[in-house]
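Peer 1: Got a structure for you, written out below as structure tokens; questions coming shortly.
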Amino acid sequence: MVIPRAPWWRDAVMYQVYLRSFRDGNGDGVGDLRGARSGLSYLAALGVDGVWLSPCFPSPQYDHGYDVADYRAIDPLFGDLDEFDRLVDDAHRLGLKVLVDVVPNHCSAQHPWFQEALRSARGSAARNRFHFADGRGHNGELPPNNWRAMFGGPAWTRVREPDGRPGQWYLHLFTPHQPDLDWRNPEVGEHFDDVLRFWLDRGVDGFRIDVAVGLYKHPGLPDSPDPNADEAARDAVNPLAWNQPEVHGVWRRWRALCDSYAAVDGAERVLVGEVAVPTPADQALYLRPDELHQAFYFDLLHAPWDADAFALRIDAALRDIASTGAPVTWVLNNHDQQRSVTRYSRSLGLGDIPDLDRGAARARAAALMMLALPGSAYLYQGEELGLPEVTGLPRHVLTDPIVTATGDPQRGRDGCRVPLPWSGTQAPFGFSGAAGADTWLPQPDWFASYSVESRRRDGGSSWHLYREALQLRRSLAPLRDPELRWLAGPPETIVFTRGNGFLCAVNFSNSPVAAPAPGQPVLSSTPCDEGKLAANSAAWWLLDREPVRLGSGTAPGPARE
Ligand code: TEU
């Protein structure tokens, strides 16, 4: 049976370029568009389908660009529009798609709209683009409601009115530098239509949408039932701030806008949403045929290194998302999360000592497994190098606003954002053309052994594993079959097949297990002895006959004998 090629985005593997840390083209120690451009051929050689570029728009950079002051320009820190156009052209010449990041939930406090609102009176049109409200208490000295900001502290900040007196409060679900826009004001939606058109007219292939469960708040902004709403439980405890039904209207409108471009030239423009909701079934609502194309499935990223946890989360996604016809968008790393090598260096249970070699083996296994799943996947820069988190950065170099808001250096995201090592044996490891340039976060000495140069030289490195997996993924017909079938395997493993004749197995245990398929695997994350699947590893087999069934695999998860 010939399986026709699906639209490119349904099984694309995209690469997140966190611009300020990817590559520096002007020697100031901060990654930029020129640097990113010079790294495109590296990404084409790796074999990804395209890039998601983190925000490069004018911004005071309080949240590293997720505080946008102008949605239709480039921050001089990163280059200019001509450089952006050259990047898109080069990417397209290399066969790479380009998605840009759009941040519609909030803007920067430096955005002209917010500055105008500060200068304007209560109830003015300028204030109505945001959520301004009078405070509670005798003199309005208490916030209008009990909502908490995602990065800690109240979700409200009080302003001084133009006459200099303390006045109204404005809502910000992130830092005070990021006022939330009021999407019930039609002007806001119209503005973003123009923003999308602006970038689509410059040739981008779509958008990654920041906080795509935000935008609308419950009318009247009543108190949250749980004033201590924390990040992990935010949807469960403060359903008033997120995931309001009206937000779907925005995604329908954006989809129609993207489709109007496809109608002209046949090339689909894609929307990938950051949709952190309580369940995969909730996420599926964002992926209805007239809404977003993709949404990051964070449940796998948050899964501990455990066969049942992985199997259940994969199965839930396939059952509740893929079954609706939408692809699942798998992700193991991004710029907000501790890198997988470090995350998996711990085992479940008390008294475990982190072991980075074990974490690295597991991260490779997880990646190989992810690339065998039906749907699309997003890689985060440096993941292909097997880069661990940079822990122990001194407090004074940390820049993440989460650290400022919480006072807790452990919660910061700087450790996954340290500029990438490209070559050489000392900082800046080829990241900046200028030798001796100070990178915006310091690179540790051990980055030398993770550089692109050293990883490409080492045939057994994770770089080669990713590249081979990506090549095989493109060429193997069974991986185009949207179905996945579970097979039972030895304890602490998961085993599944795709299409006719492809099998993937993952061993989550610290000891080798019997291989669940005959012969040598076509690819494995760790070399396997004959008939074995190595500890903390994954492997792919091509079968010329039906695999030996060790039990009847039924969802959820692999059946056990
Ligand atoms: O993140 C949204 C988000 O929900 C984050 O709180 C995420 O869960 C957290 O960073 C985990 O530590 C997006 C961006 O990805 C993030 O970088 C921005 O800081 C945030 O929006 C605000 O724009």
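The values are calculated or read from the model by the stated rules, or taken from the named source; none is laboratory data. Computed from a predicted structure; not experimentally measured. Quick reminder, even Gly has a Cβ in these numbers, built from the backbone with ideal geometry, and neighbours come from all protein chains shown.
Peer 1: Of the residues ALA316, ALA405, ALA303, ALA360, which is surrounded by 17 or more Cβ atoms within 10 Å (Cβ to Cβ), within 20 Å of ALA538 (Cα to Cα) and touching a residue at least 60 places away in the same chain (Cβ under 8 Å)? Talk me through it step by step, then tell me what you get.
Peer 2: Working: ALA316 fails: within 20 Å of ALA538 (Cα to Cα); ALA405 fails: within 20 Å of ALA538 (Cα to Cα); ALA303 fails: touching a residue at least 60 places away in the same chain (Cβ under 8 Å).
Sole residue among the options that is surrounded by 17 or more Cβ atoms within 10 Å (Cβ to Cβ), within 20 Å of ALA538 (Cα to Cα) and touching a residue at least 60 places away in the same chain (Cβ under 8 Å): ALA360.
Peer 1: Report, by residue number, each residue of the stretch 64-106 that is farther than 26 Å from HIS248 by Cα and in a loop (DSSP other than H, G, I, E, B).
Peer 2: Hits for the stretch 64-106 are HIS64, ALA73, ILE74, ASP75, PRO76, LEU77, PHE78, GLY79, ASP80, LEU94, GLY95, LEU96.
The rows are residues; the columns are (1) of a type outside the set (S, T, N, Q); (2) on the phi > 0 side of the Ramachandran plot; (3) within 16 Å of the ligand (Cβ to nearest atom).
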site: PRO289; (1), (2), (3): yes, no, no
site: ASP299; (1), (2), (3): yes, no, yes
site: ASP306; (1), (2), (3): yes, no, no
site: ALA309; (1), (2), (3): yes, no, no
site: ARG313; (1), (2), (3): yes, no, no
site: LEU318; (1), (2), (3): yes, no, no
site: ALA326; (1), (2), (3): yes, no, no
site: THR329; (1), (2), (3): no, no, yes
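Peer 1: Same structure, new question: Could you please find all residues in the stretch 498-549 being in contact with a Lys or Arg (Cβ under 9 Å, 6 or more places away or on another chain), assigned to a loop (DSSP other than H, G, I, E, B) and in contact (Cβ under 8 Å) with a residue 60 or more places away in the chain?
Peer 2: GLY499, PHE508, ASN510, SER525, THR526, ALA535, ASN536
Peer 1: Can you tell me which residue within the stretch 374-399, out of those that are among the acidic types (Asp, Glu) and more than 14 Å from the ligand (Cβ to nearest atom), is surrounded by the fewest Cβ atoms within 10 Å (Cβ to Cβ)?
Peer 2: Of the residues in the stretch 374-399, the ones among the acidic types (Asp, Glu) are 383-384, 389.
Restricting the remaining residues to those that are more than 14 Å from the ligand (Cβ to nearest atom) gives 383-384.
Values: GLU383: 23, GLU384: 26.
Of everything passing the filter in the stretch 374-399, GLU383 is surrounded by the fewest Cβ atoms within 10 Å (Cβ to Cβ).
Peer 1: Step by step: first the residues of the stretch 107-130, then only those that are away from the ligand (no atom under 16 Å from the Cβ) and not in a helix (DSSP H, G or I), then the one that is farthest from PRO222 (Cα to Cα). Which residue is that? Can you show your working first?
Peer 2: Going through the stretch 107-130, the residues away from the ligand (no atom under 16 Å from the Cβ) turn out to be 112-113, 115-129.
This time we only want the ones that are not in a helix (DSSP H, G or I), so: 120-126.
Numbers: SER120: 25, ALA121: 23, ARG122: 20, GLY123: 19, SER124: 22, ALA125: 22, ALA126: 23 Å.
In this case the residue turns out to be SER120.
Peer 1: Still on this structure, please answer the following. Are any of the residues in the stretch 54-77 in contact with a Leu (Cβ under 6 Å, 6 or more places away or on another chain) and within 15 Å of the ligand (Cβ to nearest atom)? Talk me through it step by step, then tell me what you get.
Peer 2: So in the stretch 54-77, the residues in contact with a Leu (Cβ under 6 Å, 6 or more places away or on another chain) come out as 54, 56, 74.
Right, trim to within 15 Å of the ligand (Cβ to nearest atom) and you get 54, 56.
The answer is yes; a qualifying residue exists.
Peer 1: Select from the stretch 261-273 the residues that are of a type outside the set (A, V, I, L, M) and farther than 15 Å from PHE192 by Cβ and list them in ascending order. Spell out how you get there, then give the answer.
Peer 2: The first filter runs over the stretch 261-273 and keeps only residues of a type outside the set (A, V, I, L, M), leaving 261, 265-266, 268-269, 273.
Result: TYR261, ASP265, GLY266, GLU268.
Peer 1: Of all residues in the stretch 247-277, which are outside any helix (DSSP H, G or I), in contact (Cβ under 8 Å) with a residue 12 or more places away in the chain and either of a type in the set (Val, Ile, Thr) or out of contact with any Leu (no Cβ under 8 Å at 6 or more places or on another chain) (or both)? Can you show your working first?
Peer 2: Residues of the stretch 247-277 outside any helix (DSSP H, G or I): 266-277.
Restricting the remaining residues to those that are in contact (Cβ under 8 Å) with a residue 12 or more places away in the chain gives 267-277.
Those that are outside any helix (DSSP H, G or I), in contact (Cβ under 8 Å) with a residue 12 or more places away in the chain and either of a type in the set (Val, Ile, Thr) or out of contact with any Leu (no Cβ under 8 Å at 6 or more places or on another chain) (or both): ALA267, GLU268, VAL270, VAL272, GLU274, VAL275, ALA276, VAL277.
Peer 1: Among the candidates ALA477, ALA488, which residue alone is touching a strand residue (DSSP E or B) at 6+ places or on another chain (Cβ under 9 Å) and farther than 16 Å from PHE310 by Cα?
Peer 2: Values: ALA488 fails: farther than 16 Å from PHE310 by Cα.
Result of the check over ALA477, ALA488: ALA477.
Peer 1: To continue, here is another question. What number of residues in the stretch 404-440 are of a type in the set (Val, Ile, Thr) and within 17 Å of THR175 (Cβ to Cβ)? Can you show your working first?
Peer 2: Of the stretch 404-440, the ones of a type in the set (Val, Ile, Thr) are 404, 406, 418, 425, 439.
Still in the running and within 17 Å of THR175 (Cβ to Cβ): 404, 406.
The qualifying residues number 2.
Peer 1: Ok, one more. Which residue, of LEU87, LEU99, LEU94, is within 27 Å of the chain's Cα centre (by Cα), within 16 Å of the ligand (Cβ to nearest atom) and farther than 28 Å from VAL403 by Cβ? I'd like the intermediate steps shown before the answer.
Peer 2: Working: LEU87 fails: within 16 Å of the ligand (Cβ to nearest atom); LEU94 fails: within 16 Å of the ligand (Cβ to nearest atom).
Matching residue, one of LEU87, LEU99, LEU94: LEU99.
Peer 1: In the stretch 363-397, which residues are among the small types (Gly, Ala, Ser) and at pLDDT 95 or above?
Peer 2: ALA363, ALA365, ALA366, ALA367, ALA372, GLY375, SER376, ALA377, GLY382, GLY386
Peer 1: Test ASP223 against the stated conditions and say whether it is more than 26 Å from ASP70 (Cβ to Cβ) and either touching a Leu at 6+ places or on another chain (Cβ under 8 Å) or assigned to a loop (DSSP other than H, G, I, E, B) (or both). Working first, answer last.
Peer 2: Working: more than 26 Å from ASP70 (Cβ to Cβ): yes; either touching a Leu at 6+ places or on another chain (Cβ under 8 Å) or assigned to a loop (DSSP other than H, G, I, E, B) (or both): yes.
Yes: the conditions hold for ASP223.
Peer 1: Further, regarding this structure: Of all residues in the stretch 400-417, which are part of a helix (DSSP H, G or I), closer than 13 Å to ASP63 by Cα and either polar (S, T, N, Q) or within 10 Å of the ligand (Cβ to nearest atom) (or both)?
Peer 2: Within the stretch 400-417, the first condition is being part of a helix (DSSP H, G or I), and the residues that meet it are 401-406, 409-411, 414-416.
Filter again for closer than 13 Å to ASP63 by Cα, leaving 401-405, 414.
Hits for the stretch 400-417 are PRO401, ILE402, THR404.
Peer 1: So which of ASP182, ASP194 ends up being closer than 30 Å to VAL88 by Cβ and modelled with pLDDT of 95 or more?
Peer 2: On the way: ASP182 fails: closer than 30 Å to VAL88 by Cβ.
One residue alone meets the criteria, ASP194.
Peer 1: Conditions: (1) over 23 Å from CYS416 (Cβ atoms); (2) charged (D, E, K, R); (3) within 16 Å of the chain's Cα centre (by Cα). ARG10 meets all but one. Number of the miss?
Peer 2: Only one criterion is unmet by ARG10, namely (3).
This table checks each residue for (1) β-branched (Val, Ile, Thr); (2) within 12 Å of the ligand (Cβ to nearest atom); (3) on the phi < 0 side of the Ramachandran plot; (4) in contact with a strand residue (DSSP E or B) (Cβ under 9 Å, 6 or more places away or on another chain).
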| residue | (1), (2), (3), (4) |
| --- | --- |
| TRP147 | no, no, yes, yes |
| GLY153 | no, no, no, no |
| ARG165 | no, no, yes, no |
| LEU173 | no, yes, yes, yes |
| GLY206 | no, no, no, yes |
| ALA212 | no, yes, yes, yes |
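Peer 1: While we're here: Is it fair to say THR404 is within 21 Å of GLY65 (Cβ to Cβ) and either touching a Ser or Thr at 6+ places or on another chain (Cβ under 9 Å) or at pLDDT 95 or above (or both)? Steps first, answer last, please.
Peer 2: Details: within 21 Å of GLY65 (Cβ to Cβ): yes; either touching a Ser or Thr at 6+ places or on another chain (Cβ under 9 Å) or at pLDDT 95 or above (or both): yes.
Here the answer is yes, as THR404 does meet what is asked.
Peer 1: Among the residues of the stretch 43-63, which ones are assigned to a helix (DSSP H, G or I) and touching a Lys or Arg at 6+ places or on another chain (Cβ under 9 Å)? I'd like the intermediate steps shown before the answer.
Peer 2: Kept after step one, since they are assigned to a helix (DSSP H, G or I), are these residues of the stretch 43-63: 43-46.
Correct list: ALA45, LEU46.
Peer 1: Same structure again: Could you grab the pairs with beta carbons closer than 6 Å, sequence gap of 6+ or different chains, first residue in the stretch 59-72 and of a type in the set (Val, Ile, Thr), second one more than 9 Å from the ligand (Cβ to nearest atom) and assigned to a loop (DSSP other than H, G, I, E, B)?
Peer 2: Going by the 6 Å Cβ cut-off, the qualifying pairs are VAL68/PHE57; VAL68/SER59; VAL68/CYS107; VAL68/SER108.
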